[in-house]
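Step one of this worksheet: look at the structure below.
All of the numbers you see were taken from the coordinates with simple rules; none came from a lab. All of these numbers come straight from a predicted model, not from anything done at the bench. Cβ placement follows ideal geometry from the backbone for every residue including glycine, while neighbour counts extend to all protein chains displayed.
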Amino acid sequence: MNVRESLEKIKGKISAAAERSGRDPQHIQVVAVTKYVSVERTKEALEAGVTHFGESRDEGLLKKVEAIGTLPSWHFIGTLQSRKVKDILPFVDYIHSLDRISLAKEIQKRADGEVNCFVQVNVSGEESKHGLSPEDTLPFIESLNEFSSIKVVGLMAMAPHTDNTNEIRDVFKKLRELGERVQSLSLPHAPCNELSMGMSNDYEIAVEEGATYVRIGSSLVGNEK
């Protein structure tokens, strides 16, 4: 199946999931995770109509930006080392992995304007996952008010790798509820009206629970170089 066909299939599933939860599918963006595919495959996704692309390593991001340009929206979705901020910041539209003050300081230092950031939350509490605990998330976001270049557009989380759909749904539901708590604070620097959650294996559940950005790799572009 080519990327165009895969995209149509995914959009159909998103629309159905949105309908089940009374949402407008137009409010949900597909981020094509292209970290495991070639520049050529990424270009195919662009030609198919994908407008948001996600990379998790600076080398992959810079290689694809050089080949494709900054016309699509680039999302940095992996763990971001502070020393790499200066390399990626001119090219990314969204950072999905803000989870510590030291990283916020580096973004502030290097930014040439406002940077759209998702605060990463480790909802499931797994040691293998990065991110803040739910309890630490609100105080962290409140503390970001001193960084004029950081705009907290939303929260990001990953569900556990499990076949237990109730467990997956619970993680997404908790992230949505946490995002609603941040919204209720009406912080100028943190509108927090977006949720980055859901991947190839669980994006339909994520949409049902309020995702506005789903990060889809293998189901959309495959995983071969």
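Over the stretch 30-154, what is the relative contact order in whole percent, taking alpha-carbon pairs under 8 Å and six or more residues apart?
For the stretch 30-154, the relative contact order is 19 percent.
Taking the number of Cβ atoms within 10 Å of each Cβ as an exposure proxy, the fewest-first ranking of Glu126, Glu204, Glu47 is Glu47, Glu126, Glu204. Taking His75, His52, His161 in turn, the Gaussian network model of the chain (Cα-Cα springs below 10 Å) assigns the largest fluctuation to His161.
For the chain, a Gaussian network of Cα nodes joined below 10 Å ranks Gly60, Gly154, Gly22 by mean-square fluctuation, and the top entry is Gly22. Rounded to the nearest 500, the 222 nm mean residue ellipticity of the chain from helices alone is -12500 deg cm²/dmol, with -39,500 (n - 2.57) taken per DSSP H run of at least 4 residues.
In a GNM of the chain with a 10 Å cut-off on Cα contacts, which of Leu185, Leu195, Leu132 has the highest mean-square fluctuation? Comparing Leu185, Leu195, Leu132 in the GNM, the peak value goes to Leu185.
Rounded to the nearest 0.05, what FRET efficiency do His27 and Glu142 have when you use their Cβ-Cβ distance and R0 = 25 Å? The formula returns an efficiency of 0.40 here. Neighbours of Glu135 by Cβ distance under 14 Å: Lys/Arg scored +1, Asp/Glu scored -1, total -2. Restricting to the chain, compute how many DSSP beta bridges are antiparallel as a %, nearest 5. Here the antiparallel bridges make up roughly 5 percent for the chain.
Only lysine pairs 8 or more places apart, or on different chains, with alpha-carbon atoms under 17 angstrom apart are counted in the stretch 76-225, and they number 7. Length gained on full extension, Leu71 to Lys11, computed as 0.36 nm times the residue gap minus the Cα-Cα distance: 19.4 nm. Taking 0.36 nm per residue of separation and subtracting the Cα-Cα distance, full extension of the segment from Asn164 to Glu180 would add 3.3 nm. Relative contact order for the stretch 127-214 using alpha-carbon pairs under 8 Å, separation at least 6, rounded to a whole percent? Once divided by the residue count of the stretch 127-214, the mean separation gives 29 percent. Extension gain for the segment Glu44 to Arg57, taken as residue separation times 0.36 nm less the Cα-Cα distance, is 2.6 nm to one decimal. Put in order of Cβ neighbour count within 10 Å, fewest first, the listed residues His130, His96 become His130, His96.
Each Cα pair under 8 Å and six or more residues apart adds its separation to the average, and for the stretch 3-221 the resulting relative contact order is 21 percent.
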